[in-house]
Amino acid sequence: MIERPITDWLPLTKQEVEKRGWDEVDIVLVSGDAYVDHPAFGTAVIGRIMESEGFRVAIIAQPNWKDDLRDFKKFGKPKYFFGVTAGCMDSMVNHYTANKRLRSNDSYTPGGEAGFRPDYATIVYTKILKQLYPDVPVLLGGIEASLRRVTHYDYWQDRLMPSILVDAQADMLVYGMGEQPLREILRLARQGVPFSSMRNINQVAFLHEASTELRDYNNWNTVALASHEECLDDKIKYAANFKIVEVESNKWQANRIVQNVGDQVLVINPPFKTMEEAEIDKSFDLPYTRLPHPKYKKRGPIPAYEMIKFSVNMHRGCFGGCSFCTISAHQGKFIASRSEKSVLKEVDEITKHPDFKGYISDLGGPSANMYKMKGKDESICARCQSPSCIHPVICSNLDTSHKPLTEIYRKVDANPAIKKAFVGSGVRYDLLVDDFNKNNQDGNHDEYMEQLVTRHVSGRLKVAPEHTSDDTLRIMRKPSFKYFKLFKQKYDKIQEKFNLKQPLIPYFISSHPGCEEQDMANLAAETKDLGFQLEQVQDFTPTPMTVAEVIYYSGVHPYTLKPVKTAKTREEKQAQNRYFFWYKPEYKEWIRNRLNKLNRPDLVERLLGAKKDKGGKPAFSRNFSGKKKGNR
C-alpha cells in the first residue's frame with residue numbers, strides 16, 4: 001500500500017499546517033469525533049467545503065478539556081472564526097443508555113474508547129474558546145446544536161434547558177444540514193462582514209438583545225413562541241411551542257421564529273429549500289481521502305468508520321416524520337437525492353480502497369428506499385405543513401416510484417469490481433405494501449422488492465415496525481402492524497420462489513409514549529406467533545426536538561394538547577423491556593406473575609404455555625374477572 005502524503009488530510013497539528021506553508025489558519029474546527037476524512041462525517045464535509053471556498057482550515061479533534069487546554073491553543077487565533085460541533089451524535093446520547101447508565105465505548109473514537117469528549121461537548125468547547133479567545137466568533141453546528149437550538153427538555157438532567165446558544169454563549173448556530181448556510185457565511189466573512197451583521201441568512205439562529213429592535217429581512221413573517229421562562233412555568237406552553245417549531249422546520253416558505261429568553265431574543269431564521277441534485281453532488285464529490293487521519297493508526301480502528309467505509313449514502317432526509325426520530329428535524333422532511341453519476345462515481349472510489357474485497361456494505365440512506373422520491377406537483381409541497389408524507393396515509397401527491405433505485409442497484413451490480421452490493425440501511429416496508437401505498441400504479445414496487453430480496457440482502461433484512469399496538473403506532477406516526485404482516489407475506493413468497501433463507505429482522509421500541517405494559521405483552525405474543533425471537537430492540541430515549549420527547553416531558557401530545565400516558569420510572573421502563581425477552585429462562589416466572597396480576601392468562605398461555613403442577617396438569621391462573629380457575 002502506497003502511503004499518502006499527510007497534506008492529503010486537513011491538518012490536525014501545527015506541524016501539518018507548516019508543511020502546507022501556511023503562516024496562519026483562517027478557520028479552526030473543533031469536533032468531539034476523531035477526524036475521519038469521509039463524506040459520512042460532518043467535520044470532514046464542513047472542512048472540505050471551507051477548503052473548496054479557498055479557506056485554510058485546521059481541525060482540533062477530541063481536544064483534552066481537562067488539562068492546561070493546550071489542544072485549544074495549538075493553532076492560535078484563526079483569522080475568521082471557530083466552528084464547534086459535538087460530533088455525529090448528541091454527546092449525551094453518545095454517552096448514556098436509555099437507563100442513564102454510562103456507556104463503556106464510543107464508536108467515533110479510535111479503539112472505540114470512551115471518555116474522549118465531555119458531556120454537552122458543544123457548550124464545554126465553546127466556553128473554553130470564549131475564555132481563551134473572547135474576540136473570536138464561534139459558530140455552532142452539528143446534530144447536538146441543531147436539535148438543541150430552542151428551549152428543549154434534557155432527559156439526562158430531567159429539566160428544560162434554553163437554546164444551546166444561551167449556555168454556550170456562541171455567536172451563531174447553523175441548524176440542519178449546513179452546506180447552504182455555510183457557503184453564505186463564508187462569502188460574507190471573506191468580505192469582512194462581522195457575525196453580528198449576518199442576520200438575513202437562512203437556516204441560522206442567533207441571540208439578539210431584547211432592548212433593541214429586530215429588523216425585518218427577506219419579507220419573512222415572524223412567529224413568536226412562548227418564552228423560555230413561560231415554558232419553565234407551564235408544560236403545556238412548551239408542548240404548544242414544539243408544534244410551531246416542527247411545522248416551520250418542514251415548510252418550503254417558512255416563517256422566522258423568535259423566543260424570548262431572559263433579556264435576549266432567540267431568532268431562528270427559516271430553513272433553505274432542500275438541496276437540488278447538483279448541490280448535494282457538490283458536497284459528496286469533494287476530494288476526501290475516505291480514510292481516518294494517519295495519527296490514529298496505533299490507537300486502533302474507529303468503529304463508526306469500519307461500519308461505513310464500504311457504504312454509499314445516496315440521499316438525505318426522511319418524509320416519515322416518526323415521533324421518536326430526529327432525522328427529519330435535522331436533515332429535513334424532503335428528500336435530497338444525489339445524481340446516479342455521483343453515486344456510481346463513489347462506488348468506483350470505494351473499489352480502489354486498499355482493503356476492498358468486492359462487497360459494498362450499504363447502498364442506502366436514512367430510509368433505504370426513499371431515493372429520488374418527491375412530490376409529483378411540487379407546488380402542492382410548497383404549501384404543505386404536514387410533518388409526514390406517509391402518516392396517517394400516504395400522500396396522493398407523493399411519487400413513490402422505486403424505479404430509479406432499482407436501476408442504480410442494477411448498475412452497481414454490473415460493475416466488474418463488485419461481487420455484492422448490500423442494503424444495510426432499514427427499508428421502509430410500508431412503501432412496498434399495496435394495501436397501504438396506493439401509488440404503485442405500474443407495479444415497480446414489486447420489481448424493486450424482488451431485486452432487493454434476491455440480490456441485496458446480507459443474510460437478514462432490517463425493517464422497523466416499532467410496535468404492534470395501533471394506539472401506540474398512531475402516536476409514533478407509524479402504520480398499523482397489519483401492514484407489516486402483509487409485507488412479511490410478500491417477503492416470504494419471494495424467499496420461497498427463489499429458495500432463499502434470509503430472515504426479516506424487525507426493530508421494536510419499548511416504553512414509547514402511549515405504550516402500556518399490556519401493549520408490550522401483546523407485542524411479545526404477536527411477534528412470537530410470527531416466529532420471531534427479538535434481538536433488535538431498544539428502550540425509548542426522549543431526545544430533543546422529537547414529538548415523543550415533548551410528550552414524555554409535558555404529558556400531552558403537542559398537536560392536540562391531550563394527555564398521553566408514558567412509562568417514566570426505571571421500574572416501569574424495565575418491566576416493558578423485559579417482555580421482549582419472554583424466551584429467556586430468567587424472565588419467564590416474572591412474566592407469568594406479572595400477567596397474572598394484570599388478569600391476562602390468555603397472554604401467559606400464548607407466551608409461556610400453561611404452567612403444569614407436579615402431576616403434569618395445568619396449574620391455576622386467573623381469568624379476567626380475577627377469579628381462580630383450574631386445579632386448586
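Only one of these is without any contact (Cβ under 8 Å) to a residue 60 or more places away in the chain, closer than 29 Å to Gln538 by Cα and acidic (Asp, Glu): Glu378, Glu306. Name it.
Working: Glu378 fails: closer than 29 Å to Gln538 by Cα.
Within the list Glu378, Glu306, the selection yields Glu306.
Give the residues of region 531-581 that are of a type in the set (Phe, Trp, Tyr) and either in contact (Cβ under 8 Å) with a residue 40 or more places away in the chain or open to solvent by less than 10 Å² (accessible area, probe 1.4 Å) (or both), sorted by residue number. Let's see the steps before the verdict.
Going residue by residue through region 531-581, those that are of a type in the set (Phe, Trp, Tyr) are 532, 540, 552-553, 559, 579-581.
Within region 531-581, Phe540, Tyr552, Tyr553, Tyr559, Tyr579, Phe580, Phe581 meet the criteria.
Scan region 18-44 for residues that are surrounded by fewer than 21 Cβ atoms within 10 Å (Cβ to Cβ), in a helix (DSSP H, G or I) and not small (Gly, Ala, Ser) and the total you get is 2. Taking the listed residues Pro301, Pro287, Pro292, the one that is within 23 Å of Pro11 (Cα to Cα), touching a helix residue (DSSP H, G or I) at 6+ places or on another chain (Cβ under 6 Å) and either modelled with pLDDT of 95 or more or aromatic (Phe, Trp, Tyr) (or both) is Pro292, with no other qualifying.
Here are some residues: Ala168, Ala210, Ala205, Ala226. Which one is modelled with pLDDT of 95 or more, over 16 Å from Thr85 (Cα atoms) and crowded, with 19+ Cβ neighbours inside 10 Å? Explain how you work it out, then say what you get.
On the way: Ala168 fails: over 16 Å from Thr85 (Cα atoms); Ala210 fails: crowded, with 19+ Cβ neighbours inside 10 Å; Ala205 fails: over 16 Å from Thr85 (Cα atoms).
Ala226 is the lone residue from the list that is modelled with pLDDT of 95 or more, over 16 Å from Thr85 (Cα atoms) and crowded, with 19+ Cβ neighbours inside 10 Å.
For region 465-496, a tally of residues being in contact with a Ser or Thr (Cβ under 8 Å, 6 or more places away or on another chain) and of a type in the set (Phe, Trp, Tyr) returns 1.
Results for (1) in contact with a Gly (Cβ under 6 Å, 6 or more places away or on another chain); (2) over 30 Å from Glu113 (Cα atoms); (3) touching a residue at least 24 places away in the same chain (Cβ under 8 Å), shown as yes or no for each residue.
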{"residue": "Glu277", "(1), (2), (3)": "no, yes, yes"}
{"residue": "Ile280", "(1), (2), (3)": "no, yes, yes"}
{"residue": "Phe284", "(1), (2), (3)": "no, no, yes"}
{"residue": "Tyr296", "(1), (2), (3)": "no, no, yes"}
{"residue": "Arg299", "(1), (2), (3)": "yes, no, yes"}
{"residue": "Phe324", "(1), (2), (3)": "no, no, yes"}
{"residue": "Ile327", "(1), (2), (3)": "no, no, yes"}
{"residue": "Lys341", "(1), (2), (3)": "no, yes, yes"}
{"residue": "Lys345", "(1), (2), (3)": "no, yes, yes"}
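Do we have any residue at all in region 61-84 that's at pLDDT below 95, aliphatic (A, V, I, L, M) and farther than 26 Å from Pro271 by Cβ? Checked region 61-84: no residue is at pLDDT below 95, aliphatic (A, V, I, L, M) and farther than 26 Å from Pro271 by Cβ.
Among the residues of region 606-617 satisfying the criterion of being touching a strand residue (DSSP E or B) at 6+ places or on another chain (Cβ under 8 Å) and open to solvent by 70 Å² or more (accessible area, probe 1.4 Å), which is modelled with the lowest pLDDT? Talk me through it step by step, then tell me what you get.
Initially, region 606-617 is screened for residues touching a strand residue (DSSP E or B) at 6+ places or on another chain (Cβ under 8 Å), giving 610-613, 617.
Checking which are open to solvent by 70 Å² or more (accessible area, probe 1.4 Å) leaves us with 611-612, 617.
Numbers: Lys611: 66, Lys612: 55, Lys617: 52.
Among those that are touching a strand residue (DSSP E or B) at 6+ places or on another chain (Cβ under 8 Å) and open to solvent by 70 Å² or more (accessible area, probe 1.4 Å), it is Lys617.
Within region 268-334, considering only helices (runs of 4 or more DSSP H) that don't extend past its boundaries, which have at least 1 residues that are charged (D, E, K, R)?
Values: elements: 277-284, 303-308, 327-331.
Result: 277-284, 303-308.
With the requirement that a residue be open to solvent by less than 50 Å² (accessible area, probe 1.4 Å), part of a loop (DSSP other than H, G, I, E, B), at pLDDT 95 or above and in contact with a strand residue (DSSP E or B) (Cβ under 9 Å, 6 or more places away or on another chain), what does region 98-116 give you? If the condition is that a residue be open to solvent by less than 50 Å² (accessible area, probe 1.4 Å), part of a loop (DSSP other than H, G, I, E, B), at pLDDT 95 or above and in contact with a strand residue (DSSP E or B) (Cβ under 9 Å, 6 or more places away or on another chain), then Asp106, Tyr108, Ala114 are the ones that fit. For Val245, the conditions (1) in contact (Cβ under 8 Å) with a residue 40 or more places away in the chain; (2) of a type in the set (A, V, I, L, M, F, W, C); (3) more than 30 Å from Val556 (Cβ to Cβ); (4) part of a helix (DSSP H, G or I) are fulfilled apart from (3).
Okay, residues lined up against (1) hydrophobic (A, V, I, L, M, F, W, C); (2) modelled with pLDDT under 95; (3) under 30 Å from Glu450 (Cα atoms):
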residue	(1), (2), (3)
His512	no, no, no
Cys515	yes, no, no
Gln533	no, yes, yes
Met545	yes, no, no
Pro558	no, no, no
Trp590	yes, no, no
Arg594	no, no, no
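For region 173-189, state whether one or more residues are surrounded by 23 or more Cβ atoms within 10 Å (Cβ to Cβ), touching a residue at least 24 places away in the same chain (Cβ under 8 Å), of a type in the set (A, V, I, L, M, F, W, C) and in contact with an Asp or Glu (Cβ under 7 Å, 6 or more places away or on another chain). No: zero hits.
The values are calculated or read from the model by the stated rules, or taken from the named source; none is laboratory data. Because the structure is predicted, anything quoted here is derived from the model rather than measured. Neighbour counts run over all protein chains shown; Cβ positions are idealised from the backbone, glycine included. Ligands, DNA and RNA are stripped out before the accessible areas are found, and what is left, the full protein with its side chains, is counted by its heavy atoms. Shrake-Rupley method; radii C 1.70, N 1.55, O 1.52, S 1.80 Å.
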